[in-house]
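Trainee: Quick one: this structure, given as structure tokens, is what I'll be asking you about.
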Amino acid sequence: MIKGFIFDLDGVITDTAASHYTAWKKMSDEMGWDFDHKVNDKLRGISRMDSIQVILDHNTTSLSEEAKAELAAKKNDLYVASLENMTSEDYLPGAKELLIHLRTEGFSVALGSASKNAIKVLKQLNANAFFDVIGDGNSVSKSKPEPDIFLYGAEKLNLQPAECIVFEDAESGIDAAKAGGFYSVGIGPKERVGHADLRFDSMAEATLFEVKAHFKN
Ligand code: B16
Ligand code: MG
């Protein structure tokens with residue numbers, strides 16, 4: 001029986017991909033590196049340091065760990081500054097409605113995000129009250145596609161993975177949910193999240209009615 005929901009943040013609750021893009025692009029331009037939306041899409045769901053590595057590999061460049069950390073910090077400053085413009089109007093369509101519905105029906109809800117800025121994003125959205133547990137980039141050391149962040153959420157909710165549905169927009173996020181024994185809902189195109197148990201093109205279609213009908217809760 002489904003008792004809990006674990007939500008990824010970026011790409012499920014709100015769309016921060018554009019802000020991440022602008023910050024990575026500025027950093028790449030300063031370094032004289034190539035960076036475009038196709039590369040940005042590969043960074044969906046993966047940690048900040050893994051993201052730097054993807055950009056370096058794309059440019060067939062290597063850097064010391066220290067230099068990578070310095071660039072990641074620089075990018076993060078740009079990204080965090082852009083979050084000041086985020087407001088409670090910036091939920092993805094359908095996301096807030098689903099969170100409200102889950103609250104009224106008494107489901108347990110956790111956040112399972114790779115972002116170390118998740119608390120700040122939730123604050124900007126005024127979304128804290130929708131979550132019983134916050135799992136973010138500071139909660140576990142192994143990032144998606146390892147299942148640790150979702151296992152952390154389920155444990156804190158006092159639930160088994162088989163009692164939880166994970167919502168994810170990243171290929172690595174669906175991989176992580178499957179590896180942990182969770183049910184999964186993919187948000188996005190088939191090519192990216194077609195391996196989820198259930199998929200919607202966007203959060204607007206992901207109503208509790210549709211989800212319950214599929215998982216026969
Ligand atoms: P930060 P999610 C992920 O969040 C983003 O999708 C990914 O693009 C980003 O690199 C990662 O968080 C780390 O974010 O630099 O803020 O720690 O999708 O897992 O909610
Ligand atoms: Mg995401």
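Trainee: Shape of the stretch 50-169 from its Cα gyration tensor (a ≥ b ≥ c, root eigenvalues): rounded if a/c is under 1.5, otherwise prolate when a/b > b/c, or oblate?
Mentor: Values: a/c = 2.58, a/b = 1.55, b/c = 1.66.
Oblate.
Trainee: What percent does the relative contact order of the chain come to when contacts are Cα pairs within less than 8 Å and at least six residues apart?
Mentor: 25
Trainee: Now for a separate question. For the chain, which DSSP H helices look membrane-span-like by this rule: Cα extent along the axis of 20 Å or more and mean Kyte-Doolittle of at least -0.5? Could the numbers behind the result be given before it?
Mentor: Working: long enough: 17-31 (21 Å, -0.89); 65-83 (27 Å, -0.35).
Both cut-offs are met by 65-83.
Trainee: In the structure shown, do any of Lys156/Lys178; Lys74/Lys178; Lys26/Lys156; Lys26/Lys96; Lys123/Lys212 have a Cα-Cα gap over 27 Å, and if so which? Walk me through the intermediate numbers first.
Mentor: Working: Lys156/Lys178 19 Å; Lys74/Lys178 34 Å; Lys26/Lys156 38 Å; Lys26/Lys96 31 Å; Lys123/Lys212 29 Å.
Cα-Cα > 27 Å for Lys74/Lys178; Lys26/Lys156; Lys26/Lys96; Lys123/Lys212; rest within.
Trainee: Tell me, what % of the accessible area of the stretch 1-68 is carbon and sulfur with a 1.4 angstrom probe?
Mentor: Values: 1700 of 3300 Å².
Using a 1.4 Å probe with all protein chains present, the stretch 1-68 comes out at 51 percent carbon and sulfur.
Trainee: Please list, in chain and number order, the residues 5+ apart from Arg199 or on another chain whose amide H is under 5 Å from its amide H, with Hs placed from the backbone.
Mentor: Gly186
Trainee: Expected output is a single nm value to one decimal: the length gained when fully extending between Asp132 and Ala73, i.e. 0.36 nm times separation in residues minus the C-alpha distance. What is it? Display every interim value, and only then the final one.
Mentor: Numbers: separation 59, 0.36 × 59 = 21.24 nm, distance 2.96 nm.
Roughly 18.3 nm would be gained on extension.
Trainee: Okay, next question. As an exercise, identify the trypsin sites (Lys or Arg not before Pro) in the stretch 116-171 lying in DSSP coil whose Cβ has no more than 16 other Cβ atoms within 10 Å. Before the final figure, lay out each step's value.
Mentor: On the way: sites: Lys116, Lys120, Lys123, Lys142, Lys156; in loops: Lys116, Lys142.
Hits after loop and neighbour filter: Lys116, Lys142.
Trainee: Can you give the longest stretch of the chain with no exposed loop site, where a site means GluC sites (Glu not before Pro) in a DSSP loop (not H, G, I, E or B) with at most 15 other C-beta atoms within 10 Å?
Mentor: Values: sites that count: Glu84, Glu89, Glu105.
It runs 106-217.
Trainee: Over the chain, what per residue volume does the convex hull of the Cα atoms give, in whole Å³?
Mentor: Details: hull volume 23.5 nm³, N = 217.
Measuring per residue, one finds 108 Å³ for the Cα hull of the chain.
The values are calculated or read from the model by the stated rules, or taken from the named source; none is laboratory data. Just so it is clear, the structure is predicted and the values come from calculations on it, not from any experiment. Neighbour counts are summed over all protein chains in view; Cβ atoms, including those assigned to glycine, are modelled from backbone coordinates with ideal geometry. Note: accessible area is taken over every heavy atom of the protein model, side chains too, but ligands, DNA and RNA are not part of it. Shrake-Rupley method; radii C 1.70, N 1.55, O 1.52, S 1.80 Å.
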